[in-house]
Each structure stands twice: as C-alpha cells, then as structure tokens.
Amino acid sequence: MNFRAGLLTGFVAALALAGLLALAWSAFGRKSSAPSSAKTPPATILKEEDILTITLTPDAETRLGIEVGKVKEGSVPRTRTFGGDVTTPPGQAILVAAPLSGTIKAPAAGVPQAGSRVTKGQVVFQLLPLLSPDAKATLTAARVEAEGQVGNARVAVANAKIMLDRAEQLFNREAGSQRAVDDAQAAYDTARKSLEAALARTAILSQAVGDANKGTAAPLNIEAPTDGILRTVSVTPEENVPSGAPLFDVVNLDPVWVRVPVFVGETSELLIDQASVGPLNLRPGSKVQVARAVTAPPSANAIAGTVDLFFTLPNSDGKLTPGQRVGVTLTLKEEANDLTVPWSAVIHDIHGGSWVYVTAAPHAYSRRRVQVRHVHDGQAVLKTESAIGMGLRKDMTVIVVGAQELFGTEVGNGQ
C-alpha cells in the first residue's frame, strides 16, 4: 500500500466514525431532552398544623381522660399587676411613754422581746417612781393634764361616732360611698385608741399620786394599751428615765394598708375602688385577697414618676407584716372583645411557647400556637389577632382536660 492509498483509507475511516457519533448523539440526546420538556410538579408545602396533628384510638382517649370545651368570644375585664408593700395604717401604732421619772423594772414574767405579740393589759415594764418634792408636784400636774386629755379624747370619740353613723346612714340610703364609711371608721378607731391611751395614763398617774401622798413608792405597771405587735423597746431594766421618755410602742396589724406605686400616666386607665392582693410572683390560681381603696395623705415619687395608691386589707392571721412586698392586681377601665379558652387547655413547651389542642377530625387533634394576654376567673384571654392567624375561631372545640398528657404522648414521654 502506497502513501496515497493509506491517506484515503484514514479519511474514509474518520468519516465513518463521525457518522456513528452523529447517529448516537441524535438517538440519546432526543431521549434525554424528552423528560426536560415535561412540566415540573410544584413543591409540596407542609403546613404546621399538619405536622402537629396526632390521631388517637378511642382506648387512648379514655386512658388519657380527654375532655373538650369551646373557644369563647366576649368582653373580658383586663387587669394589670403592680408591686406593692405592706404599711401600718395611721393610728394603729401607739407609743407608750414614762408617765413620770423613775427606774425601769422587769415584771415577774420578764420583758417581752421586740416583735412578740402582746395583749391589752399585759405588763411590759414596771416603773419605780422617784418621790422627790418636785416629783410629787410633777405627778399632780401630770394627772391634771392627763385628765384633761381624757376629756378631749372623749369628745373626739363622740364626734367620730357621729360622723361614722352619718356615713353609714348615707351609704344605706345609697347617697354615700363605701370609701366615706371606711374613712369615718378609721377616724373613729383612731379616736378610740387615743382615749384608751389617755385613760391608761390617767390610771397610772392616779395610782402614783396616791402612793406619793402616802409616802410609799410602789412600782407602777406599764401595760400594753392594745392587742398587737411590740414593734420597738426603747429602754432596759434598771435604767433611769425622765418623765415622758418613750418606753415601747405597740402596733395593731389588723387591718394593714398596702401602698401601690403607679406610673402617673396609668392612673386614668385603672379602676381603683378595689384590688386583688397576693404573692409578689402573682400567678394564675394563686390565693388572693380583696382589698378596698382608702383615702390617704397624697404621696408620690418625682424621680420615678409614680403616685401612691393605698388599699386596706384584713390581716387577722398576722401573715402580712410592714415592709412585705406583695402583688396587687388592678382592673383596667377598658374592656376588650377577645377569644378565651379555659386556662387548663393551655400547655407550655420547654421554650415557653403556649399551645392548645383543637379537634381537627374525629379522634384527631391539632396543636395550635396561642399567646395568652392574661388569665381572668380561670379563663385564659388570648391575643386575638395571633390566635386568628393560627386558625383559632369562636366555638372551635379544644381539649380542656388531658391536654398536658396528650402533649407528653406527642413528644414521646407520655402515657
């Protein structure tokens, strides 16, 4: 084979190979392009309520104790919680002073410690008078002054009683307010306590004057003027005190007042006739007491921008002490039309999110997100816009008993 024949043979072979490649490309390229011309199906969108739906058997529902209720809609009072502190009402603290100069002695039962409870007439100290001629004259003058104070106190009690009776009559005729009755009652109690203290001082001075005229020096019993707590003790036994020196004071802590600092811009939004008082970390279901508003001397904090509201609260068990912090819930004037569910229907996950279970189908329950605005009388008031966005509607069926157990079953650690 010469060079020309070889060149011709190679050219023919190249043409044959190119033809085979073109034929293969046309065959396989047509097949690969055929699927690309088909319409691509849309992406599957999985909704949150479909993921969080759990289906139970009738036996499982019975075992979990599932009970259902309805989502309600209506006007619900709105509340706001503030921090308050317990204070002593005016006139409830009585200071006992030495009626004359003398030496302090301890009674047979010993001197009660500050903070202990005392009863009316209980001997706290004994006072041994110093019977000098000047002391005798001082005793006589002090008894005359004390008798005058008793007369003034009797007049004050009589006037306070008249005002109290008048306030009660107006309230019974629906022409007065409960606040006026409370104020009149407080004024009457204060006047009565002052009269009791004046009578006790007069009795002590009368005894001392009689002993001085006889030339004796019998110890005088210094008694507690009322039931209450011995707040402070200012002297010790064997100490010489002048006339009028403070010895101790007794405070009556039933009732007590609660002072509530409120931002000045919020007072116009609040109903301040009464309040609910409970623990400082006030939570739904906590035990609360109803306190009534009282009139007190105006007080405010210019730096914090707050004004003080005062409420009176019974304290017969003595659990509240001055200075104690409490939670005070006040009702807002404005009421909102919101969706509500029983508080037992709301569950919380480990991240603090709030949920309820709604009936999606027979024996199927879907977990929906909710945001609780506040809880009122066992009903969780929801943020309506958020609840509607999650598909929650009025009259929908929700689980009110067994929701927590169902949540445990869903996440894998339940029954």
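The values are calculated or read from the model by the stated rules, or taken from the named source; none is laboratory data. The shown structure was predicted, so the numbers you read here are calculated from the model rather than taken from an experiment. Glycine also receives a Cβ, built like all others from the backbone with ideal geometry; neighbour counts cover every protein chain displayed. Heavy atoms of the whole protein, side chains included, go into the accessibility calculation; ligands, DNA and RNA do not. Shrake-Rupley method; radii C 1.70, N 1.55, O 1.52, S 1.80 Å.
Worth pointing out:
- Candidates per GluC sites (Glu not before Pro) in region 72-165, loop by DSSP, up to 15 other Cβ within 10 Å: none
- Within the accessible area of region 92-182 (1.4 Å probe), percent carbon and sulfur: 54 percent
- With the cut-off at under 11 Å, measuring from each backbone N in region 221-258 to a point 7 Å along the Cα-to-Cβ line of Leu128 picks out 238-240.
- Separation in nanometres of the label points that stand 7 Å from Cα toward Cβ, at Gln178 and Ile51: 5.1 nm
- Alpha carbon centroid spacing (whole Å) that separates region 233-279 from region 66-84: 34 Å
- Solvent-accessible ranking of Arg368, Arg231, Arg192, largest area first, probe 1.4 Å: Arg231, Arg192, Arg368
- Net length gained if the chain between Ile350 and Glu335 were fully extended (0.36 nm per residue, minus Cα distance): 2.2 nm
- Based on C-alpha pairs under 8 angstrom that are at least 6 apart in sequence, region 327-415 has a relative contact order of 30 percent.
- Take the Cβ atoms of Arg393 and Arg325, set R0 to 41 Å, and the FRET efficiency comes out at 0.50.
- For GluC sites (Glu not before Pro), no site in region 313-400 is both called loop by DSSP and has at most 15 other Cβ atoms within 10 Å.
- Remark: region 219-226, residue by residue, has Karplus-estimated 3J(HN,Hα) of x, 9, 7, 9, 9, 6, x, 7 Hz, where x stands for each Gly or Pro and the curve is 6.51 cos²θ - 1.76 cosθ + 1.60 at θ = phi - 60°.
- Solvent-free Debye scattering, log10 I(q)/I(0), computed from the Cα coordinates of region 149-212 at q = 0.11, 0.12, 0.17 Å⁻¹: -0.36, -0.40, -0.61
- Normalised per residue, the accessible area of region 284-415 is 52 Å², obtained with a 1.4 Å probe and no contribution from ligands, DNA or RNA.
- Distance (nanometres) between label positions extended 7 Å along Cα→Cβ at Ala302 and Glu385: 3.9 nm
- Segment Gln289..Arg117, full-extension length gain: 59.6 nm, with 0.36 nm per residue of separation and the alpha-carbon distance subtracted.
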